[in-house]
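I have placed the structure first, in the form of structure tokens, so that the comments after it can refer back to it.
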């Protein structure tokens, strides 16, 4: 039976494409097989050699943080597109969806804060400032809701997902958490997840 061709080094000109392929492969495999998936499997899925992986990412943590970094890039772009008061619900719904999809990487974030001076928390907080102010001014959320409350919601969601053993129950639990933080915001998240735009897919 013919063997598949080994990954080829596509040269310096392909560095950007190689990095993007590695991050996408890592996102998929971390979500499907967990944070301990072999890095060789990620390189293989990206179509590159393991040496290429290590040239871009010196450790498993740095690769996982690159996945999170792209998540934050997505949130920043989303915030830029949704500048009406309802934008906070759109943004928080996507944040929690990312949390559900990437719960296996929470250890990487913890280590990244210590080992690599990771600034993800600050970036996420900055993304939330203006949408939250607009939502509060419009009376869509309680007037004392803070960015710190929303970041705490994401951290609590991580904990809930990590301890949830019943398939499919994590999504309902995360939605319950959102409603406990702010009932109208939780309703906005529920509306986004049920709007048919791909945000409400089952997590089991």
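The values are calculated or read from the model by the stated rules, or taken from the named source; none is laboratory data. All of these numbers come straight from a predicted model, not from anything done at the bench. Glycine also receives a Cβ, built like all others from the backbone with ideal geometry; neighbour counts cover every protein chain displayed.
Checked against the criterion of being out of contact with any strand residue (DSSP E or B) (no Cβ under 8 Å at 6 or more places or on another chain) and under 23 Å from residue 100 (Cα atoms), the candidates 39, 53 yield just one match: 39.
Of the numbered criteria (1) outside any loop (DSSP other than H, G, I, E, B); (2) over 16 Å from residue 29 (Cβ atoms); (3) assigned by TED's automatic domain parsing to the domain that holds residue 136, the one residue 83 fails is (1). Residues being under 18 Å from the mean Cα position of the chain (by Cα) and farther than 28 Å from residue 162 by Cβ: count how many of those fall in the stretch 20-60. Going through the stretch 20-60 one residue at a time, the tally reaches 2. Close Cβ contacts (under 6 Å, 6 or more residues apart or on different chains) running from residues in the stretch 119-146 that are free of Cβ contacts under 8 Å to residues at least 40 places away in the same chain to residues that are surrounded by fewer than 15 Cβ atoms within 10 Å (Cβ to Cβ) comprise 136/143.
Looking at the structure I just gave you, is residue 78 buried (at least 18 other Cβ atoms within 10 Å of the Cβ) and in a helix (DSSP H, G or I)? In short, no. The number of residues in the stretch 150-174 that are assigned to a helix (DSSP H, G or I) and without any contact (Cβ under 8 Å) to a residue 60 or more places away in the chain comes to 14.
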